[in-house]
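A short write-up of the structure that comes next.
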Amino acid sequence: MKKAGFLIAGAMLFTAACGAEENAPELNETGGNNGDNNVENNADTNEAADNEDTDENNNEENGAENEEDAYEEGDTLIMGTSADYPPFEYIETGESEEIVGFDIDLANRITEELGYELEVEDMDFGSLIPALDTDRVDFVMAGMRPTEERRENADFSDIYFRSAHSIVTAADSGIEDVDDLEGMTLGVQLGSIQEGQAEELQEDVEGIEVETRDRIPEMIQEIHTNRFDAVILADTVADNYTDDNDDLTSFTLPNEAEEDGNAIAFQLDSQLTEEFNGVLAELEESGELDELILEWFDGDVADAAGAGEDEEETEEDNDAENNEEADEDNNNTNED
Amino acid sequence: MGLDFAALAPSYPFILRGIWVTLQIVAVAAVLGFLFGVILSLMKIGRFTFLRWIADAYTSVFRGTPLVLQLMIIYFGLPQVLGIEIAPFVAAFSAFALNSAAYVSEIIRAGINAVDQGQKEAAQALGISYGEMMKDIILPQAMKNILPALMNEFITLTKESAIVTTIGVMDIMRRAYIVGGETFSYFEPLLFAGFIYYCLVMVLTVLGRLVERRLRQSD
């Protein structure tokens, strides 16, 4: 283990050292006379520098470069997600290591239809677009909304899930509608679509102070610590929190903006955007999309997803869910 | 604020499985970082100005930029520039090893300088080659003195490893976040993760003491 790791790191140091000058021009050539460099690399990594290895190495590098327009049936697509956002994507940590959720099911359904294999990779929400940019993942489904800023760095599919925004407050705060927010501190997740919504609220209502946090649980915590008077969340998520925390309450904001919804993110000019849109339209037409939404958002599942405060309840919910999950697991060919 | 750890009971094993992930990263990074650190320190005290200059430049860059940035560059940047695949795990231990080497090299350099000059002179008088003198005479004595400082570095490494959450390695911290997301409770999983890190550091501390005692036997 250590030896293997050492070799890899050795190779990394080597490539890092000579990479900046020597490897950069190599990427622009296709095939060709760059054998020397690769042989050297391989000698360090694998202790074997025959021609076959050199060719493989070339293919890999070129493959990574051209990936954007070279997806074929049977290829494995890597989907980036942040598995801390039930019921869109999460892990039933008491049961397994597997990422499940509405987005995962939908991704499985679409890739199956298109003949791709699917692999799901978990990372921080903030790392998702960079991962897409740098070719680490092929597409992103993470309850992500196609904001203007994001559109500059990624292509987006059609909206596959619409939801309204809710304001969550402490139950004893006395905040009942938007006007009550005057002079209050409003929390919003950094980089979320709700940020735009919060700014609009700021214009409409006087004296709202908007503060950002990285994670939704952090924002909820800030209500408990009294630093925030209210936070703004997607209504499905807000419902989960208010159901699980008796000291929280929420109300829904009127939904106006067009980009309010979740979409799948792709690399710019990816061929996948069109392919995925095609399947999305089919699923919407056949009613399958609605079925999936019902399956994950009809309350029961969402409740079970947020293991309750009460332990007994949690166990019951998990048991009931086991059976459902067993069926769904059959559909999930992701996660190795 | 009521903390409810019982509700998390089914999820504890999930977080605990992250210990192995964290340990793997830290162990590989510590070993590589130490070896590389020794090389760097030898470059720093050696006769060749050019090598000394490289080692100093390396140290200043890796000590002068945030670790999380180095990790991001290795994980997101290098694959794009070089066209090679770097697994999250490899990116993680590489970043920590490269970073740790910069600190370790300074610790070792201090240790070597602290060994009495007479040792070096005696070795030269006896005609022992530079390499053998370093390996058998100077470095062993230096190690004894710098052990507490090295333990400090390894402890820091263990806790700092939590930043691999940004690249999606399922370590203790990332698992705590995921459990927090799933159960809609924030503090409990994080406190539990903190407890695990504390236990790991305690084990490291005890191990360090044992090694220290063993090395002092000859005093």
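For this structure, a couple of remarks:
- Residues along the stretch A:123-142 losing 50 Å² or more of accessible surface when the other protein chains are present rather than the chain by itself (probe 1.4 Å): A:124, A:134, A:136
- Solvent accessible area, Å² - residue A:160, 1.4 Å probe, full protein context: 10 Å²
- Rounded accessible area of residue B:109 (nearest 10 Å², 1.4 Å probe): 80 Å²
- Going from the isolated chain to the complete set of protein chains, the stretch B:173-207 loses at least 30 Å² of heavy-atom accessible area (1.4 Å probe) at B:174, B:177, B:178, B:181, B:182, B:183, B:184, B:186.
- With Rh defined as the Kirkwood radius, the inverse of the mean 1/r over Cα pairs, the Rg/Rh of the stretch B:1-108 is 1.15.
- The stretch A:165-252: C-alpha gyration tensor shape, a/c 1.5 cut-off, then a/b vs b/c: rounded
- When the residues B:61, B:169 are ordered by accessible surface, computed with a 1.4 Å probe over the protein chains alone, the sequence from largest down reads B:61, B:169.
- For the stretch A:175-239 versus the stretch B:76-140, the inter-centroid distance based on Cα atoms is 50 Å.
- Helix runs (DSSP H) in chain B reaching 20 Å along axis by Cα, Kyte-Doolittle at least 0.5: B:18-45, B:88-114, B:187-216
- Note on residue A:264: accessible area approximately 0 square angstrom, rounded to 10, probe 1.4 Å, nucleic acids and ligands left out.
- Taking the charge dipole of chain B about its Cα centre, with +1 at Lys and Arg Cβ atoms and -1 at Asp and Glu Cβ atoms, the residue from B:39, B:102, B:202 reaching farthest to the positive side is B:39.
- Selection from B:72, B:87, B:54 lying farthest towards where the dipole of the stretch B:1-151 points positive, charges on Cβ: B:54
- Per-residue accessible area (protein heavy atoms, 1.4 Å probe) orders B:75, A:85 as A:85, B:75, starting from the largest.
- In the A-B interface, the accessible area buried, summed over both sides, Å² (probe 1.4 Å): 4200 Å²
- Heavy-atom accessible area, probed at 1.4 angstrom with all protein chains present, ranks B:20, A:296 as B:20, A:296, highest first.
- Net charge dipole, the stretch B:6-216: roughly 360 debye, given to the nearest 20, about the Cα centre with Cβ charges of +1 for Lys and Arg and -1 for Asp and Glu.
- Cα-based shape type of the stretch B:6-216, given that a ≥ b ≥ c are square roots of the gyration tensor eigenvalues and the cut on a/c is 1.5: oblate
- Simple Cβ-charge dipole of the stretch A:112-235, Lys/Arg +1 and Asp/Glu -1, about Cα centre, in debye nearest 20: 240 debye
- About its Cα centre, the dipole of the stretch A:165-252 is roughly 400 debye, where the only charges are +1 on Lys and Arg Cβ and -1 on Asp and Glu Cβ.
- Note on residue A:288 and residue A:119: with the Förster distance fixed at 25 Å, the Cβ-Cβ geometry gives a FRET efficiency of about 0.65.
- Label-point separation, residue B:53 to residue A:211 (7 Å along Cα→Cβ), nm: 5.1 nm
- Mean accessible surface per residue for chain B, computed with a 1.4 Å probe while every protein chain stays in place, in Å²: 47 Å²
- 14 Å beta-carbon shell around residue B:107, net charge (K/R +1, D/E -1): +2
- A cut-off under 13 angstrom between Cβ atoms defines the neighbours of residue B:22, and their net charge, with Lys, Arg +1 and Asp, Glu -1, is +2.
- Remark on the stretch B:26-45: accessible area falls by at least 30 square angstrom from chain-alone to full-complex state for B:28, B:32, probe 1.4 angstrom.
- Solvent-accessible area of the stretch B:69-219 (1.4 angstrom probe, protein heavy atoms only): carbon and sulfur portion equals 62 percent.
The values are calculated or read from the model by the stated rules, or taken from the named source; none is laboratory data. What you see is a predicted model, and the numbers here were worked out from it, not measured in a lab. Virtual Cβ from ideal backbone geometry, glycine too; neighbours counted across all protein chains shown. We work out accessible area using only protein heavy atoms, side chains counted, and drop any ligands, DNA or RNA first. Shrake-Rupley method; radii C 1.70, N 1.55, O 1.52, S 1.80 Å.
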